[in-house]
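Right, one structure below, let's go through it.
The values are calculated or read from the model by the stated rules, or taken from the named source; none is laboratory data. In this text the structure is predicted, and so the values were computed from the model without any measurement. Methodologically, a virtual Cβ is constructed for each residue, glycine included, from the backbone with ideal geometry; neighbour enumeration extends over all protein chains shown. Surface areas here come from the heavy atoms of the whole protein model, side chains and all, with no ligands, DNA or RNA. Shrake-Rupley method; radii C 1.70, N 1.55, O 1.52, S 1.80 Å.
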Amino acid sequence: MFDKLKKEATRVINPKQYSDYAEGGQVAAAIETSDGNIYTGICIDTACSMGFCAEHAAAADMLKHGETHVVRLVAVDTKGEFLAPCGRCREFLSQLDERNVEMEIALGENNIYTLKDLLPFDWKK
Ligand SMILES: [Zn+2]
C-alpha cells in the first residue's frame with residue numbers, strides 16, 4: 001500500500017531553482033483518499049518563508065478534486081528517505097476532515113503511525 005504511494009511521490013520529485021528567491025521540488029508527498037485516489041504535491045521554498053510543504057500541496061490537489069478524507073500519506077526526499085509531516089501540516093490535515101486523524105503515515109518501510117499518534121493533545125477535542 002505504501003509502496004505505490006512512495007513510488008508516486010518519488011515520481012514527482014524535481015528539484016529546481018525557480019528564481020533567486022524560490023526553489024522547490026526537493027520533497028514530494030503522496031496522499032491516498034478513502035475513494036482510492038492518489039494526489040501528489042511538491043514543496044516550494046521561498047525567501048521570507050512564503051513557501052509551503054509537499055503535504056500541503058498534495059492536500060490542495062485533493063481538495064481541488066472535491067475530496068477531504070485522507071487514509072494514507074507518504075513524504076520523501078531526493079534520497080528516497082521518508083519524512084514526517086511538520087507540525088503545521090499535521091494540524092492542517094486534521095482540520096480538513098475529522099476522520100483524517102486516523103490516516104496512516106509512513107515514517108519508514110515498517111514504521112507506520114497514525115496522524116493521531118503524531119498530533120497528541122489535539123485542541124479540537
Ligand atoms: Zn509541513
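Could you tell me which residue of the range 20-65 is most open to solvent (accessible area, probe 1.4 Å), considering only residues that are within 22 Å of residue 3 (Cβ to Cβ) and more than 16 Å from the ligand (Cβ to nearest atom)?
35
Considering only residues that are within 16 Å of the ligand (Cβ to nearest atom) and either at pLDDT below 95 or under 16 Å from residue 27 (Cα atoms) (or both), which ones fall in the range 66-83?
Applying the first criterion (within 16 Å of the ligand (Cβ to nearest atom)) to the range 66-83 yields 70, 73-77, 81-83.
Selection gives 73, 74, 75, 76, 77, 81, 82, 83.
Six or more apart or on different chains, Cβ atoms under 8 Å: show the pairs whose first residue is in the range 22-48 and assigned to a loop (DSSP other than H, G, I, E, B) and whose second is among the acidic types (Asp, Glu) and crowded, with 16+ Cβ neighbours inside 10 Å.
Pairs found: 34/67; 35/67; 37/67.
Checking residue 95 against (1) modelled with pLDDT of 95 or more; (2) more than 12 Å from the ligand (Cβ to nearest atom); (3) open to solvent by less than 40 Å² (accessible area, probe 1.4 Å), which test does it fail?
(3)
Among the numbered conditions (1) open to solvent by 70 Å² or more (accessible area, probe 1.4 Å); (2) touching a residue at least 60 places away in the same chain (Cβ under 8 Å), tell me where residue 110 comes up short.
Looking at each condition in turn, residue 110 falls short on (2).
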